[in-house]
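The structure appears below as structure tokens.
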């Protein structure tokens with residue numbers, strides 16, 4: 001296959017088009033730049049936007065990590081990692097600290113990112129206003145005029161109805177005091193990592209033909225109210241495998257009698273901790289297995 | 001112990017192996033050849049070519065075989081192949097009036113210059129299962145006759161001569177291409193037609209049908225429907241003139257629709273247009289109705305809020321590869337998002353319970 005296709009699948013002129021879009025997106029943080037999204041050999045919704053951005057950024061020296069739901073071993077992460085092994089022949093890793101480029105779906109890794117790293121998000125619907133206003137022609141105008149009242153009304157109505165802002169993932173943010181941005185469906189637990197991050201953060205939405213970006217150290221503020229401040233949340237438990245109390249947890253149903261356990265959604269973070277000797281409740285040789 | 005998501009790699013390999021075996025089916029039954037699909041499943045091949053936007057019967061047949069007959073999956077395979085091909089340029093406008101006709105009908109005139117040619121159509125067949133096909137007998141060969149070389153000019157052109165048709169609006173010299181540039185709204189008519197031509201047949205059919213039932217009235221007559229081979233010419237910059245680079249089979253539909261006009265402007269019929277790769281007349285007719293419905297603004301008609309009048313709605317949702325991808329992606333794991341929803345709903349319930357208890 002590799003002989004018949006360019007490095008990383010996309011032809012060079014397409015990669016150039018995407019790189020130009022990326023430069024524009026980095027120059028106007030949080031603004032959704034339209035690009036001529038290509039059809040990819042995986043379905044829309046499987047990360048075609050992220051895959052195109054990764055293909056446009058990859059160089060042969062890169063070390064690639066792909067995660068889905070924080071995990072390296074979920075089927076779609078395996079599939080995308082294999083795609084780039086096959087089409088670009090780049091080195092791959094599961095370690096966040098070793099990767100030069102990380103493609104992710106729905107999570108930001110627990111380990112802090114460094115300068116020089118690129119984090120590429122797969123984005124289903126890049127428009128934070130979409131479910132308030134279905135028309136693209138209208139939402140583009142609203143962004144141009146900085147007309148974000150509708151979003152604040154929505155958050156306010158949440159509080160009036162539920163007593164809290166009822167958005168737990170894909171929580172809207174404001175970038176450098178200008179554009180309201182959808183951070184992709186990451187849990188709001190991850191939102192604080194968006195701001196001031198030393199890595200480049202790129203967001204690719206293939207089906208919607210949009211790319212947006214956060215350059216390193218961009219100021220990203222979560223939308224909230226003084227009396228209802230933003231608050232990142234996670235399950236009130238520790239990881240049952242590595243004992244971590246600060247990581248985002250997946251809840252796993254163990255049996256049909258209500259038994260459940262929690263474990264880190266970030267598999268690399270969890271494995272690294274266990275290798276360093278940390279053990280949780282259910283780990284072999286753990287505290288109270 | 002926690003084992004739920006481990007083994008992704010092995011699971012994928014095993015699933016692919018199983019899929020390949022299922023695709024083949026019972027090895028005791030002879031395997032389908034690409035040529036068999038190309039020749040005997042020609043309308044499926046046509047649909048895959050049209051919605052895949054790639055005119056190659058063998059590749060479409062291969063895609064159908066590989067997709068186990070799932071035509072949207074086959075379209076997807078063709079699209080993913082097409083996207084890697086370089087775009088050399090645009091052809092000259094195709095002269096569909098010079099089409100080598102295999103079928104050509106007009107519903108607006110009993111007879112037209114060039115004649116009505118029924119061609120290979122299901123239209124007047126009785127839909128009774130033909131059990132002879134099951135008995136694997138060869139069908140008798142149809143009698144043949146030499147083609148008559150009669151010019152068959154466009155029917156709407158004849159009305160045009162009397163000034164009864166609205167003039168054809170001028171298009172851009174180089175047509176836009178939504179596979180090479182992001183879709184911008186409002187779109188030009190040429191771009192809308194491109195989107196419809198590669199749009200899902202079922203979706204476009206449903207929209208067209210809705211206009212017939214009053215959701216944006218189109219009042220369409222099939223002025224002409226023609227199917228046949230048309231030469232493709234391309235200007236070669238080094239040569240400075242156009243050369244013929246091949247033929248493609250096309251289905252073209254032109255509808256005659258309700259008038260426009262006023263006290264000062266004499267009334268005229270309006271047009272809807274459909275053009276599809278291969279023989280696909282259901283799609284071509286549907287496309288021309290939707291095209292006409294989308295022209296409401298240009299023709300000074302009322303927007304009744306009908307879905308088929310809404311350019312953004314139609315163009316954003318007619319592509320079945322986009323639609324099926326986004327629809328089916330909800331099969332992918334979402335446990336991180338779901339977990340955050342779990343936390344939220346538990347928190348909201350705790351709050352409500354506490355408030356109820358306080359009231360009691």
Cut-off is 10 Å between beta-carbons; in what order do A:169, A:121 appear when sorted fewest neighbours first?
A:169, A:121
For helix B:201-212, report the angle its Cα long axis makes with the longest principal axis of the Cα atoms of chain B; keep it between 0 and 90° and round to the nearest 10°.
70 degrees
Take the Cα gyration tensor of the stretch A:1-116, multiply each eigenvalue by 5, square-root it, and list the three semi-axes largest first, rounded to whole angstrom.
20, 19, 14
Using the number of other C-beta atoms within 10 angstrom as an exposure proxy, rank A:7, A:84, B:122, B:76 with the fewest first.
B:122, A:7, A:84, B:76
Calculate, in whole percent, how much of the Cα-Cα pair population of the stretch B:238-325 lies beyond 21 Å.
50 percent
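Taking 0.36 nm per residue of separation and subtracting the Cα-Cα distance, what length does fully extending residue B:349 through residue B:302 add? Mind dumping the intermediate values first?
Working: separation 47, 0.36 × 47 = 16.92 nm, distance 4.86 nm.
Extra length available between residue B:349 and residue B:302 comes to 12.1 nm.
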Mean projected area, convex hull of alpha-carbon positions in the stretch B:10-82, reported to one decimal in nm², is 5.1 nm²
Take every DSSP beta bridge with both residues inside the protein assembly as shown and express the antiparallel ones as a percent of the total, to the nearest 5.
75 percent
For the stretch A:2-222, the percent of all C-alpha pairs falling in each 5 Å bin, from 0 up to the bin holding the max distance, is 1, 7, 15, 20, 21, 16, 10, 6, 3, 1, 0, 0
From DSSP H assignment alone, runs of 4+ in chain B each adding -39500 (n - 2.57), the sum over residues rounded to the nearest 500 puts [θ] at 222 nm at -12000 deg cm²/dmol
If you line up the long axis of helix B:57-66 against the longest principal axis of chain B, both from Cα atoms, how many degrees apart are they, to the nearest 10?
20 degrees
What whole-number distance in Å separates the alpha-carbon centres of the stretch B:151-210 and the stretch A:226-258?
54 Å
How do B:193, A:145 rank when sorted from fewest to most other Cβ atoms within 10 Å of their own Cβ?
A:145, B:193
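Return the Rg/Rh ratio of the stretch A:234-283 with Cα-based radii and a Kirkwood Rh.
Rg/Rh for the stretch A:234-283 comes to 0.98.
Run the numbers on the stretch B:29-133 and let me know its relative contact order in percent, using alpha-carbon pairs under 8 Å that are six or more apart.
It rounds to 17 percent for the stretch B:29-133.
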Residue-averaged beta-carbon neighbours from other chains (10 angstrom radius) around B:319-330
5
Helix B:42-52 versus the longest principal axis of chain B: what is the Cα-based angle in degrees, 0 to 90, to the nearest 10?
70 degrees
Just the Cα atoms of the protein assembly as shown: what Rg and Dmax do they give in Å?
28.8, 94
What percent does the relative contact order of the stretch A:2-222 come to when contacts are Cα pairs within less than 8 Å and at least six residues apart?
28 percent
Within 10 Å of the Cβ of an average residue in A:32-43, the count of other chain Cβ atoms is 6
Cα centroid separation, the stretch B:32-100 to the stretch A:57-134 (Å):
33 Å
With the crude spin-label approximation of a point 7 Å out along Cα→Cβ, what separation in nm comes out for residue A:159 versus residue B:26?
6.8 nm
Between residue A:141 and residue A:256, what is the label-to-label distance in nm when each label sits 7 Å out along the Cα-to-Cβ direction?
5.6 nm
Taking the stretch B:10-82 and dividing mean pair separation by its residue count, relative contact order in percent (alpha carbons under 8 Å, at least six apart):
27 percent
What helix-only [θ] at 222 nm does chain A give? Using -39500 (n - 2.57) per DSSP H run of at least 4, over all residues, to the nearest 500, the answer is -7500 deg cm²/dmol
Considering the alpha-carbon set of chain B alone, what are its Rg and its Dmax in angstrom?
25.8, 94
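No lab work stands behind these numbers, since they all come straight from the coordinates. All figures in this text were calculated on a predicted structure; none of them were measured in a lab. All Cβ positions, even for glycine, are placed from backbone atoms using ideal geometry, and neighbour counts span all protein chains on display.
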